[in-house]
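First up is the structure itself, then whatever we jot down about it.
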Ligand code: AMP
């Protein structure tokens, strides 16, 4: 399955909970990039300049990273992807990878929230853990990219009838309960 949502919608938090409750491996492209930045690997050095500006890391880099990760043994029975795909090219790449592995997407969970609430949340998070991509200008840029490119990704999956939308506003536990209820209906 996939979890898709705008920056600040809590998709990482909810992905971790889904992973635990359903015993499925969660893969976050944002986390993989941040880990590489921290370790100063070539991939991290390449990704950092895009991340700091709130831009997408180029599809060629992101796609091959995901392709490698999805070749690992621990995901052959299924996985939860958090933060990928975000562009049309990434949808096509994921379709290829899934076809090659004889896997199919069961459900695409979209967390929704309005922009002003997200900006407020992200500015709060910036104070707490100092992510270098959490200042207002960069936050608004990331939201713009979500609306311009990632909502089109959701539309593609909507056409396939596999999207479940969940309201991401409210206490974290309440959102988790909504998510779990939506997944039961979807499965
Ligand atoms: P996230 O933690 O999912 O918000 O991701 C943090 C940052 O990592 C994004 O703002 C992008 O710079 C980069 N990133 C994560 N996933 C992708 C992706 N699928 N395509 C391109 N860039 C990504």
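Computed from the coordinates by the stated procedures, all read-outs in this text should not be read as laboratory data. What you see is a predicted model, and the numbers here were worked out from it, not measured in a lab. Every residue, glycine among them, receives a Cβ derived from its backbone with ideal geometry; neighbour counts consider all protein chains shown.
Take 151-161, 1-11, 29-39 and order them by the average number of nearby Cβ atoms within 10 Å per residue, most first; the result is 1-11, 29-39, 151-161. If you bin all the Cα-Cα distances of the chain at 5 Å, starting from zero, the percentages per bin are 1, 7, 16, 21, 22, 18, 10, 4, 0.
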